[in-house]
Amino acid sequence: MLDRCRSLHGCRMPLLPWCGWRRRVTVACQRLWRARIGCLPHMDQGPLKMVHAFYYEPVGSTELVPADTCIHIVGVTEQAVVLVWRATFHPSAAPAATVADSVLASVTLVARSSLPMASTDLHSVHAPTDLAYFQTPLHPPGSHVFKTVSHSGTVTLWHCASGSLATSLPDPAHDEACEPAALVWVPVATVDLGPTAVLDTIVADALGKLAVVSNAAAHKPSPSGDCEVSVWSSGASGLAMSLEWSVRLAEQVVCLDWLLASDGQHLLAVGTLSRMMVYAQERLKSPSDASTWTQISCTQLQPSDPLRTLAWLHHGSLLVSTASRTMMLEKWVATPDQGVPASIFGTASDLNGRLPDHHPQLLIHYLLWGRYDVVKYNLSLLHRYASLIVGAATSSTSSSTGTIPDPASSQIVLDAPIPLWKLFGNDAAQDASTPSNHDALFAFGDDTAARDTAVGSFSLADAEHLAELLKRATFPRFGESDRTLLLALIDTFGKLDEYHKTLDDNGVRYLLFLSLFLFGRSADSVQSATASSPRVARHISRPGMPYTSQPSSPSSTGPYREADMTGLTTRDMAWAFASESQDTLVDLAARLSPGGKLLWSDARDLGLALWIRDPATLKRTFETIARNQYLGRGDDTRDPVPCSLFYLALGKKAVLLGLWRLASAHPEQAAMLKFLANDFAEERWRNSALKNAFALLGKQRYEYAVAFFLLAGKIKDAVSVCLKQLRDVQLAIAIVRVAKERTGRC
């Protein structure tokens, strides 16, 4: 017998309404329960472990009362046999009849099949209850129809092979004449939780995310009540599920329940004997970060009245049942710091919801996709919005106090809404010179800000003005690194127009990340006085990802490695490698370097040795670096030692000898002049250079040792020192490429 659906654990036929289907699903389900379907036909397979109902929306139906309303009922027996019934309702002939007045016409067994598993190992079967189960041939009901739990702790999620019950089953018009179909069920995800999992507490949401309670020992709870709550999920490939997050609690967990919010947020309710907690997932800062869940709500219960079960209701409230009472907890979360309660949905959205349209991570991806017009429109809209917010606050403060407001005072800038037509429109089909009625957002009043800031136009002057406005504004969902990244993006985007004339799209993308990195590095130099200052440059090129330059050697003392050196990622360098404007990029890299001088530390951070394809261009760049290493960056040291490696790699020993003649104040001048005057084509002098190289290695002067290895013609040894002692892969690659260009061999 099918009974009325209950919103508690143990319910046997939950059918959840959603969105536009709310009215039809609800009334059809109410009518089904009201009809009290009798014994389901062909129930000779034994008792059911699970029974669940799915509403079938007729394809192309636009009528308020469709000709026939179908509900599929899926049941799984103790012998792992899956049965599917179809309940058909005819519309009532009464005047002004609705779906609620539909008449039950028939209940037919339309499919019977066995799961490919041992029936003796079946512990329980559950269907997810936190997503609407309406279906069409093109929209199957969720990521899985039901899950099975074995006695050994293996959880499997099952779905019909064709993807939808509507396409797998025979036409309703032939229900009576057809034999039950052999529906094929396939596993879509599986995980072995082992003997420590508490099988009765395993819950899955409609998207296939599992929540599990595990004890410290197998098959029995810990004497102290300690247990672990873990979340499992499946990736984009493969059937195996992986551990996403876990937390250890010092008390026994009674029950778990999932809620899938309308914006896709997963909320996990965890109930122990004395309290009820709600966890929400935090936003990942980068794909390599581990998933983190945060407790956003905790409700204490009376010790004398322990928790028995809990269940999410459709509107976000929690139905909690204790030993002596049943109560409903509202969806509002107290915030003592603000004094105003917040919805759990708003709190979860702040942690892992949609980013604002002007968030720098979104803008950077639009630039990678070549959607420059979208970024331009978004920044111009933010400029307009921030001008109004800051201007209104300034006027209000001046009129109320009669004083000039503090320019450093912050104003809250909320999300500036960008029209969806702009996000999904074709940039090529849009004429930026033609004004649009949609661009008249905030077009009111006769103030100066309205005349000076036009939506859709964003010049270099606008970028500078917006940067000044944002220094006086705060963003509720922005961290300090996000704020700095946005300022860097504004500064960079304001200068991109002039580069579009000389660079291709890939060159512009590389220049974007180059400019962002240099902006972040300059911000780091300003913050270097504070020991706890964040390394902004680590978040500039790839938001949330540290730059993956080679780690520094603890014993390196030369100019080629610093203790906290960072650089562009190989992803950013790949844009330059694919660009057809590499000569222009090299010139821009040299011009944008600090002081206008490109040193090896700058070339390594920008990856020049990795992405310059033309050997002649690399050779010219190496010559420029050698000259700048000799001149220094502003201190005019004119020391031949830092440039020795580069000139010898280029085979220009005569140039290096001339520089040593000018180094009259250097203590090693006499020895080097005498040594470099020898002919290193002779074996004896090459052996002498090799001995000096090993002596310099013993003194930990690694860069100078590389120079002497090159002087001795031992390129392999020079590269080995670059890799092992200096840990500078790019320097090793550059030396090999330059040497091959000069000698034709490595």
Of the residues in the range 702-716, how many are part of a helix (DSSP H, G or I) and open to solvent by 60 Å² or more (accessible area, probe 1.4 Å)?
1
Considering only the range 639-671, state which residues are of a type in the set (A, V, I, L, M, F, W, C) and either more than 26 Å from Arg620 (Cα to Cα) or touching a Gly at 6+ places or on another chain (Cβ under 8 Å) (or both).
Ala665, Ala670, Ala671
Would you tally the residues in the range 164-185 being crowded, with 16+ Cβ neighbours inside 10 Å and at pLDDT below 90?
10
Restricting the range 306-321 to residues that are open to solvent by less than 10 Å² (accessible area, probe 1.4 Å) and within 13 Å of Ser274 (Cα to Cα), which is nearest to the chain's Cα centre (by Cα)?
Leu310
Scope the range 260-317; condition under 13 Å from Leu329 (Cβ atoms), among the aliphatic types (A, V, I, L, M) and assigned to a loop (DSSP other than H, G, I, E, B); matching residues
Leu301, Leu313
Counting only residues in the range 630-655 that are β-branched (Val, Ile, Thr) and under 15 Å from Leu711 (Cα atoms), the one surrounded by the fewest Cβ atoms within 10 Å (Cβ to Cβ) is identified as Val655
Are any of the residues in the range 101-113 assigned to a helix (DSSP H, G or I) and either surrounded by fewer than 18 Cβ atoms within 10 Å (Cβ to Cβ) or at pLDDT 75 or above (or both)?
yes
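Out of curiosity, is Ser349 assigned to a loop (DSSP other than H, G, I, E, B) and at negative phi?
no
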Gln281 is checked against (1) open to solvent by 50 Å² or more (accessible area, probe 1.4 Å); (2) under 30 Å from Phe513 (Cβ atoms) and fails just one. What number does that condition carry?
(1)
Looking at this structure, is Leu723 open to solvent by less than 80 Å² (accessible area, probe 1.4 Å) and among the aliphatic types (A, V, I, L, M)?
no
Among residues belonging to the range 123-157 that are surrounded by fewer than 18 Cβ atoms within 10 Å (Cβ to Cβ) and at pLDDT 55 or above, point out the one that is nearest to the chain's Cα centre (by Cα).
Thr154
Filtered residue count, the range 286-309, keeping only those that are in contact (Cβ under 8 Å) with a residue 40 or more places away in the chain and over 18 Å from Leu249 (Cα atoms)
5
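Residues checked against (1) out of contact with any Phe, Trp or Tyr (no Cβ under 6 Å at 6 or more places or on another chain); (2) at pLDDT 70 or above; (3) closer than 23 Å to Arg483 by Cβ; (4) acidic (Asp, Glu):
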residue	(1), (2), (3), (4)
Leu329	yes, yes, no, no
His358	yes, yes, yes, no
Gly370	yes, yes, no, no
Asp373	yes, yes, no, yes
Leu379	no, yes, yes, no
Thr401	yes, no, no, no
Asp406	yes, no, yes, yes
Gln411	yes, no, yes, no
Ala429	yes, no, no, no
For the range 682-701, does any single residue satisfy the condition of being closer than 20 Å to Asp639 by Cβ, touching a residue at least 40 places away in the same chain (Cβ under 8 Å) and not in a helix (DSSP H, G or I)?
yes
Looking only at the range 656-681, how many residues end up being part of a loop (DSSP other than H, G, I, E, B), open to solvent by 30 Å² or more (accessible area, probe 1.4 Å) and closer than 14 Å to Ser644 by Cβ?
2
Would you confirm, using the coordinates I've provided, whether Leu243 is touching a residue at least 12 places away in the same chain (Cβ under 8 Å), surrounded by fewer than 18 Cβ atoms within 10 Å (Cβ to Cβ) and assigned to a loop (DSSP other than H, G, I, E, B)?
no
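From the set of residues in the range 579-625 that are assigned to a loop (DSSP other than H, G, I, E, B) and open to solvent by 50 Å² or more (accessible area, probe 1.4 Å), which is nearest to Gly507 (Cα to Cα)?
Of the range 579-625, the ones assigned to a loop (DSSP other than H, G, I, E, B) are 579-581, 593, 597-599, 607, 612-614.
If we keep only those that are open to solvent by 50 Å² or more (accessible area, probe 1.4 Å) too, we end up with 580, 597, 613-614.
Values: Glu580: 8, Lys597: 21, Arg613: 14, Asp614: 16 Å.
Ranking the qualifying residues of the range 579-625, first place goes to Glu580.
Okay, residues lined up against (1) at pLDDT below 90; (2) open to solvent by less than 50 Å² (accessible area, probe 1.4 Å):
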| residue | (1), (2) |
| --- | --- |
| Pro187 | no, no |
| Val191 | no, yes |
| Ile202 | no, yes |
| Ser222 | yes, yes |
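Here is a yes/no grid of residues against (1) more than 18 Å from Ala181 (Cα to Cα); (2) loosely packed, with under 14 Cβ neighbours inside 10 Å; (3) among the basic types (Lys, Arg); (4) at pLDDT below 90:
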{"site": "Gln45", "(1), (2), (3), (4)": "no, no, no, yes"}
{"site": "Tyr55", "(1), (2), (3), (4)": "yes, no, no, yes"}
{"site": "Leu64", "(1), (2), (3), (4)": "yes, yes, no, yes"}
{"site": "Pro91", "(1), (2), (3), (4)": "yes, no, no, yes"}
{"site": "Pro95", "(1), (2), (3), (4)": "yes, yes, no, yes"}
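Could you please find all residues in the range 495-512 being part of a loop (DSSP other than H, G, I, E, B) and either open to solvent by less than 10 Å² (accessible area, probe 1.4 Å) or polar (S, T, N, Q) (or both)? It would help to see each step written out before you state the result.
Taking the range 495-512 and keeping what is part of a loop (DSSP other than H, G, I, E, B), we get 495, 500-504.
Matches in the range 495-512: Thr502 only.
The values are calculated or read from the model by the stated rules, or taken from the named source; none is laboratory data. The model shown is predicted, which means the values in this text are computed figures rather than measured ones. Note that we place each Cβ from the backbone using ideal geometry, even for glycine, and neighbour counts take in every protein chain shown. Surface accessibility is based on the protein's heavy atoms, side chains included, excluding ligands, DNA and RNA. Shrake-Rupley method; radii C 1.70, N 1.55, O 1.52, S 1.80 Å.
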